[in-house]
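Notes follow once the structure below has been shown.
The values are calculated or read from the model by the stated rules, or taken from the named source; none is laboratory data. All figures in this text were calculated on a predicted structure; none of them were measured in a lab. Quick reminder, even Gly has a Cβ in these numbers, built from the backbone with ideal geometry, and neighbours come from all protein chains shown.
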Amino acid sequence: MPIDDFAGLDATAQALLVRSGKASSRELVEAAIERIERLNPALNAVIHERFEKARQEAAAPHSGPFRGVPTLAKDISCQTAGDPFSCGMRFLRDRGWTEPDDAFIATRLRDAGFVFVGRTNTPELGLMPTTEPVAFGPTRNPWDVTRSPGGSSGGAAAAVASRMVPLAHATDSGGSIRIPSSACALVGLKPSRGLLVDEGSTLGGLNVQHVVTRSVRDTAALLDVLAASTPVRPFTEAVAAEPERLRVGLMTKVPGGLTPVHPDCVAAAEDAATLMESLGHAVDRSHPAALDEIEHIIHYGAITGADTAAKLDFWSDRTGERIGGEDVEPGTWALAEMGRTITREQLRDSLAWCARYAPRMAAWWDEGFDLLLTPTLAEPPPPLGELVSTREAPLSAALRAGAIVPFTPPFNTTGQPAISLPLHWNDAGLPIGIQLVAAARRDDLLVRVAAQLERARSWSDRRPPASA
């Protein structure tokens, strides 16, 4: 096969080529390297190449359901042995920091047969819903290179959307899988808390790891790969299962009504509601009352601030060099300084509030609703530079970000599964994702419904201008 013929195939299709002998692992990896070399100068999605290692790994005997399929690791949480690891920080970049061992999730992906060809860009410590770190510069959205690809898994999303690789590792502590999936027209599932084998989840349990993909079947297959070991493939099997008639709540207003929602994002959610009704589901304008509890912002912010301070202390101890305000971006330092003012008692109170918040949110699902439908973002992908902090106004970017991503963080707090799907594009050609949220541990339901929507309105033939 010509190497460009691989570009449009998802990971499941590429793995089938290898198993059937129609392509080799070396051919898939070489094709991915060629696409990265061709596309990355314009997008800056991949910040560390490991091409020679990937070639050697592709040539070595290996097994697993995705043997030989190329992928990328996000430069947070997915350390790969001997490779640069910086968490978006120039502090670590300048010290040439590497990790001696694979992270557990990297091992799981390797065991499944994936070959890492590089590492993707991310904002410093994954804190922003854009990917513009001082350390490595901005990643550009393949749909419009003047726009943000979202964050914090923006490098991963830009790489997958541009077809450098079929899927890529991602993390989500406030929307970091779903936000860039919306901005780049991908499938982005934040799994239920505790569903996947994971390590290093901080932020009071808010953070989870998974992947960004171009197809629902890839998303489902990776749930099976990364979940606790079992011979059953429940999520892959769910892709072909038609969901029963569901009761869906539609919400197009920002929780608490604090800021407006862009008309394009309202239109995307309403259009998805109409599509779901055409498939036999019942849609009502309803949402959990707990979503309007604006105290969530305070407690989520307290946990994030304390965690940021703890991360800077961790890296200070790990490197033996104290991190100061000049070593990190202004927004990172301001958030860490805020976190240092939070006492242990206050942090315990915030964690306890979040623990009580989850049952209040779950009550809406217990009352008979199956899914909540919202826009993923409250605005289309913003221009690059709009979410960058300055020394003069270090928290201005974070405050601006809050208006763009009000729909995603609450479900990190509750631990519920949520997925962003690329069902809508605005008149400017920008993707506008919609979010579906299910009750805790109903990831299978999200997979079934997402697959049904994909069959009803396939997005696989839509390619961004900057793509293979």
Any chance Arg322 is not assigned by TED's automatic domain parsing to the domain that holds Thr390 and not in a helix (DSSP H, G or I): yes
Conditions (1) in contact (Cβ under 8 Å) with a residue 40 or more places away in the chain; (2) surrounded by fewer than 21 Cβ atoms within 10 Å (Cβ to Cβ); (3) under 29 Å from Thr131 (Cβ atoms): number failed by Leu28: (2)
Met251, sole failed condition from (1) within 26 Å of the chain's Cα centre (by Cα); (2) surrounded by fewer than 13 Cβ atoms within 10 Å (Cβ to Cβ); (3) more than 24 Å from Glu386 (Cβ to Cβ): (2)
Options Gly305, Gly339; residue that is closer than 19 Å to Ser152 by Cβ, without any contact (Cβ under 8 Å) to a residue 40 or more places away in the chain and over 22 Å from the mean Cα position of the chain (by Cα): Gly339
Residue selected from the range 150-201 under the condition among the basic types (Lys, Arg) and within 23 Å of Pro465 (Cα to Cα), by the criterion nearest to the chain's Cα centre (by Cα): Arg178
Conditions (1) of a type in the set (Asp, Glu); (2) more than 23 Å from Ser153 (Cα to Cα); (3) in contact (Cβ under 8 Å) with a residue 12 or more places away in the chain: number failed by Asp83: (2)
Which listed residue, of Thr374, Thr319, is closer than 29 Å to Ile432 by Cα and among the polar types (S, T, N, Q): Thr374
Selected residue [in contact (Cβ under 8 Å) with a residue 12 or more places away in the chain and within 15 Å of the chain's Cα centre (by Cα)] from Pro142, Pro100, Pro123: Pro123
Scan of the range 161-185 for residues that are of a type in the set (A, V, I, L, M, F, W, C) and either modelled with pLDDT under 95 or over 16 Å from Thr130 (Cα atoms) (or both), ordered by number: Met164, Val165, Leu167, Ala168
Some residue of the range 145-165 being of a type outside the set (D, E, K, R), outside any helix (DSSP H, G or I) and surrounded by fewer than 24 Cβ atoms within 10 Å (Cβ to Cβ): yes
Matching helices (runs of 4 or more DSSP H) fully within the range 9-115 where at least 1 residues are over 30 Å from Phe314 (Cα atoms), assigned by TED's automatic domain parsing to the domain that holds Ala135 and out of contact with any Asp or Glu (no Cβ under 7 Å at 6 or more places or on another chain): 11-20, 25-43, 51-59
Selection status of Thr332, crowded, with 19+ Cβ neighbours inside 10 Å, over 19 Å from the mean Cα position of the chain (by Cα) and assigned to a helix (DSSP H, G or I): yes
Matching entry among Leu395, Leu436, Leu446, Leu430 (being farther than 19 Å from Gly174 by Cβ, touching a residue at least 40 places away in the same chain (Cβ under 8 Å) and aliphatic (A, V, I, L, M)): Leu430
Filter result for the condition that a residue is in the same structural domain as Val145 (by TED's automatic domain parsing), farther than 29 Å from Thr122 by Cβ and surrounded by fewer than 18 Cβ atoms within 10 Å (Cβ to Cβ), over Ala355, Ala362, Ala290: Ala362
Flag if Gly325 is out of contact with any Leu (no Cβ under 7 Å at 6 or more places or on another chain) and within 19 Å of Gly88 (Cβ to Cβ): yes
